[in-house]
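Values quoted throughout were computed directly from the atomic coordinates according to the rules given, and no laboratory measurement underlies them. Predicted model, so just to flag it, every value in this text is computed and none were measured.
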């Protein structure tokens, strides 16, 4: 139920995206390779990937447009 502190729907949805877009698309030679690639993926996901909830722009563009509207 919404607002229930033990509901982890957001985490489950995020893990599904990671599995679909990252884990299932790559093969890792070592744990260090996985860590490096995952770091790159998280950077891409948080800064460059377009998000439907942000009007299909990346977070940086969304933040810049929001700041322009506020000023």
A student asked for the Cα radius of gyration and Dmax of the chain in angstrom ought to give 15.7, 49
In degrees rounded to 10, the 0-90 angle between helix 59-70 Cα long axis and the longest Cα principal axis of the chain is 10 degrees
Measure nothing fancy, just the Cα-based angle from helix 9-21's long axis to the longest principal axis of the chain, in degrees from 0 to 90, nearest 10.
60 degrees
Once Rh for the stretch 30-71 is found with the Kirkwood sum over Cα pairs, what is the Stokes-Einstein diffusion coefficient at 37 °C and 0.692 mPa s, in µm²/s?
284 µm²/s
Computed [θ] at 222 nm, helices only, for the chain once each DSSP H run of length n ≥ 4 contributes -39500 (n - 2.57)
-19000 deg cm²/dmol
Taking the 0 to 90 degree range and rounding to the nearest ten, how far is the long axis of helix 31-47 tilted relative to the main principal axis of the chain, both from C-alpha atoms?
10 degrees
Contact order relative to length of the chain, as percent, for alpha carbon pairs under 8 angstrom and 6 or more apart:
14 percent
